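Structure first, then comments.
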Amino acid sequence: MHDELVFRTDLSTLDWPRITAWLAASYWSPGISQFYVEQAARGSTVVIGAFIGEQQVGYARVISDTVRFAYLADVIVDEAYRDRGISKQMIARLMSEPILANVSRCFLQTGDAHGLYAQFGFIEYPTPERMMVRDNPAGLDFTATPT
């Protein structure tokens, strides 16, 4: 059946212009270029694309040392395909990757999908006073409003 959801992890099969358009329009990486989207994917442990037929409808990735931590990032589904459980299936597939099987903790940041991630056991960080962040003034700035 051509409308069956399938997943691909081979970077050469992903639709980079489409992924870039989604991410560039997101609140977490507004205006990001295809160069940086692909660079981030190459630096990731597992990258997944969701497809219906030959059309890519979703994307997500995990960065990990494969032992102590993983970071789930860029979970996104094309607006026309939302509310069909695609993000849930992508997350489940990513979390079941053998290379991530023994990872102690998986982190993520979200501004609007707490309910989705709670279904996979994600909770608010239990000791936020122990968590720190370092911003790089010379790094890409995705907090500024694109002009």
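Numbers below:
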{"item": "Normalised contact order of the stretch 51-131, rounded percent, pairs of Cα under 8 Å and 6 or more residues apart", "result": "29"}
{"item": "Calculated FRET value between Arg42 and Ala113, using beta carbons and R₀ = 25 Å, to 0.05", "result": "0.50"}
{"item": "Cα extents of the chain along the three principal axes, largest first (Å)", "result": "50, 40, 27"}
{"item": "Charge context of Ala60, other residues only, Cβ under 13 angstrom, K/R +1, D/E -1", "result": "+1"}
{"item": "Charged-residue dipole, Cβ positions (Lys, Arg, Asp, Glu), the stretch 5-125 about Cα centre, Debye nearest 20", "result": "240"}
{"item": "Packing rank of 122-129, 56-63, 24-31, 74-81, where each peptide gets the mean count of other beta carbons within 10 Å, highest leading", "result": "56-63, 74-81, 24-31, 122-129"}
{"item": "Simple spin-label estimate for Trp28 and Glu124 in nanometres, 7 Å along Cα-Cβ", "result": "1.9"}
{"item": "The stretch 110-142-the stretch 1-46 distance, computed between alpha-carbon centres (Å)", "result": "21"}
{"item": "Relative contact order for the chain, counting Cα pairs under 8 Å that sit 6 or more residues apart, in percent", "result": "21"}
{"item": "Most positive-pole-ward Cα, Ser33, Phe120, Gln89, against dipole of the stretch 5-125 from beta carbon charges", "result": "Phe120"}
{"item": "Hydrodynamic radius of the stretch 1-64 per Kirkwood, over alpha carbon pairs, in Å", "result": "12.1"}
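Only the coordinates and a few stated rules stand behind these numbers; no lab work does. Computed from a prediction, not measured in an experiment: that's the story for all the values here. In this analysis, Cβ positions are derived from the backbone assuming ideal geometry, glycine residues included, and neighbour counts consider all displayed protein chains.
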